[in-house]
């Protein structure tokens with residue numbers, strides 16, 4: 001039975017206001033229905049970096065988590081079976097920031113995507129930060145030549161959110177997001193989450209912007225068009 005709960009896509013970059021991020025994570029953890037939920041930490045996008053983990057885990061614990069445990073999936077000392085067991089019992093799963101392509105490379109190497117999707121379907125709350133939020137979307141793009149958009153190609157992400165997203169790229173007018181949406185083809189859709197913003201994605205795919213407005217781009221006959229700005233909800 002599918003008991004999926006909302007997923008949350010957070011944009012980092014607004015580190016001047018850590019209290020606001022902690023408060024948002026507290027709300028996210030409240031979706032689990034547990035007083036002190038157990039959180040699994042996926043850090044493949046940062047190669048399981050210890051300093052990344054220490055910072056994020058401390059923030060998540062301040063938000064009310066009972067424990068935050070690293071699923072070791074990057075580098076030499078990987079523990080894919082233990083990671084799968086951790087995901088099978090976690091109340092919530094956090095996907096860290098870093099590099100999207102690197103993060104997905106490790107997840108695919110260990111064939112973890114079905115496990116993550118099962119974890120979501122049984123009712124664990126999934127939330128990401130920056131690159132982790134992009135990974136929770138449907139696709140992202142890699143550039144063989146960073147100066148040539150014609151060299152860009154899509155690759156699959158985890159697919160919890162049924163669209164492409166980008167985070168804290170408002171100063172670049174969401175150029176990479178627009179390229180990725182164009183590659184998705186007719187009907188492709190993407191959301192830009194500004195620094196300090198969050199998207200709440202319901203199991204049915206309904207999207208709400210929290211904290212700050214988000215922008216929506218769609219691929220249409222005339223190219224990639226900015227369709228709307230999602231105003232903030234609760």
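Quick notes on this structure:
- The listed residues are 91, 49, 99, and the only one of them that is over 16 Å from the mean Cα position of the chain (by Cα), closer than 16 Å to residue 132 by Cβ and touching a residue at least 24 places away in the same chain (Cβ under 8 Å) turns out to be 49.
- When residues of segment 183-226 are limited to those that are in contact with a strand residue (DSSP E or B) (Cβ under 7 Å, 6 or more places away or on another chain) and surrounded by fewer than 12 Cβ atoms within 10 Å (Cβ to Cβ), the one nearest to residue 140 (Cα to Cα): 185
- Residues that are under 15 Å from residue 226 (Cβ atoms) and more than 14 Å from the chain's Cα centre (by Cα) within segment 179-208 comprise 179, 180, 181, 182, 188, 189, listed in sequence order.
- Filtered residues of segment 4-45 (kept if in a loop (DSSP other than H, G, I, E, B), touching a helix residue (DSSP H, G or I) at 6+ places or on another chain (Cβ under 7 Å) and surrounded by fewer than 23 Cβ atoms within 10 Å (Cβ to Cβ)): 4
- Count of residues meeting criterion [part of a strand (DSSP E or B) and surrounded by fewer than 24 Cβ atoms within 10 Å (Cβ to Cβ)] in segment 141-182: 8
- Complete set of residues in segment 130-140 that are touching a strand residue (DSSP E or B) at 6+ places or on another chain (Cβ under 6 Å) and either under 16 Å from residue 209 (Cβ atoms) or in a helix (DSSP H, G or I) (or both): 132, 133, 134, 135, 136, 137
- Matching residues, segment 183-194, being within 27 Å of residue 211 (Cα to Cα), touching a residue at least 40 places away in the same chain (Cβ under 8 Å) and not in a strand (DSSP E or B): 194
- Filtered by the rule that a residue be part of a helix (DSSP H, G or I) and surrounded by fewer than 20 Cβ atoms within 10 Å (Cβ to Cβ), segment 63-83 gives 80, 81, 82.
- Hey, residue 75 out of contact with any strand residue (DSSP E or B) (no Cβ under 9 Å at 6 or more places or on another chain) and at pLDDT 95 or above or not: no
The values are calculated or read from the model by the stated rules, or taken from the named source; none is laboratory data. Since this is a predicted model, take the numbers as computed values, not measurements. Please note: Cβ atoms are built from the backbone with ideal geometry, for glycine as well, and neighbour counts cover all protein chains shown.
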